C-alpha cells in the first residue's frame with residue numbers, strides 16, 4: 001500500500017519526507033548506540049549523515065539525543081521512542097524513552113517504536129505502541145512500528161507465520177508503517193505484504209558476510225511488494241556507506257538488478 005493513500009493531511013505531508021513519490025523508501029536506523037554500544041561505523045555521526053544523504057538515503061532513525069545535535073542534510077527524520085540494552089538482564093525488554101510530543105518538538109517527520117512480541121514484557125511494549133498510535137494520530141505524526149517475533153516461545157524469527165502475526169499486530173494497533181523481518185522467500189513475504197495494508201519495510205539484521213547476498217534479500221523483498229528497507233549495520237558498517245546507500249537506492253527506487261547493485265556497492 002502506498003503512503004500516498006494516507007487520509008490524514010499532517011501524516012501525509014510528513015510521510016512525503018520519508019517516502020518518495022514511488023511509495024518506497026530507503027531508511028537507515030542508527031539507534032544501535034543504546035542497544036549494543038558505539039559499534040563500528042557510528043563513530044562519526046556527523047560525517048555519516050552527509051555520506052548517507054549523498055548516497056540517496058530517504059530517512060534516518062535516531063534517538064532524541066542525536067536529533068538535537070545533527071544536521072540531517074535533507075533526509076527525513078524519525079525519532080525512536082523505545083530503548084533496551086544488551087547490558088540489561090532482559091535484553092528483549094523495551095521501555096519508553098521519548099514521546100511523540102518530543103519527536104514533534106525536535107522537528108521529526110515520524111516516531112518509531114520497537115516491539116518484541118513473544119518476550120516476557122511484550123504487554124508493556126504493546127501498550128506503549130497503542131498509546132503512541134493515539135497520540136501520533138492527534139499530532140499528525142506518522143508511526144513506524146518495528147515488529148519482531150522474539151521470546152521464549154519463538155523458535156524462528158523469520159518464520160512466515162510469526163512474521164505475519166507481528167506485522168498484523170502493528171497494523172491493528174495503529175502503525176502507519178511496519179518494519180519486520182524478511183521471511184526468506186518472495187512468495188511468503190508477498191502474502192504478508194498483501195495482508196498488512198500499510199507500507200512494510202524490511203529489517204537488515206546483523207551485518208552479512210556477503211554484500212551480494214544482502215542485496216539479493218533486498219531485491220527479493222521489493223519484488224514481493226515491500227515498500228523499501230530500514231537497514232542499519234549492513235549500510236553504516238560497509239566499507240563505503242555512501243556506495244551501499246546508492247546500491248539500495250538503485251534496487252528500491254530504480255528497479256536495478258542484484259548484479260548491478262553489487263557493482264555500485266563495490267562488491
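Paramagnetic label reach from residue 16 (point 7 Å along Cα→Cβ; backbone nitrogen cut-off under 18 Å): within segment 104-145, residues 108-110, 140-143. Entry note, segment 3-265: relative contact order of 19 percent, from Cα contacts under 8 Å with a spacing of 6+ residues. Fewest neighbouring Cβ atoms within 10 Å first, the residues 173, 129 line up as 173, 129.
Over the chain, the reciprocal of the mean inverse Cα-Cα separation, the Kirkwood hydrodynamic radius, stands at 18.1 Å. Computed extension length for residue 127-residue 257: 42.7 nm, one decimal, from 0.36 nm per residue of separation with the Cα-Cα distance subtracted.
Ordered by the number of other Cβ atoms lying within 10 Å of each residue's own Cβ, fewest first, 96, 14 fall into the sequence 96, 14. How do 78, 202 rank when sorted from fewest to most other Cβ atoms within 10 Å of their own Cβ? By the 10 Å Cβ count, ascending: 202, 78.
Multiplying the residue separation of residue 50 and residue 155 by 0.36 nm and subtracting their alpha-carbon distance yields 33.9 nm. Across segment 1-126, Cα pairs under 8 Å and at least six residues apart give a relative contact order of 21 percent. Under the simplified labelling scheme, the residue 135-residue 96 pair shows an inter-label distance of 0.5 nm, with each label point 7 Å from Cα along Cα→Cβ. Oblate is the label for segment 1-120, because the ratio a/c of its alpha-carbon gyration tensor axes (a ≥ b ≥ c) is 1.5 or higher and a/b is not greater than b/c. DSSP finds beta bridges in segment 3-265, and of those with both partners inside it, around 5 percent are antiparallel.
Rule-based calculations on the coordinates, nothing more; no lab input. If you're wondering where the values come from, they're calculated on a predicted model, not measured in any experiment. In this analysis, Cβ positions are derived from the backbone assuming ideal geometry, glycine residues included, and neighbour counts consider all displayed protein chains.
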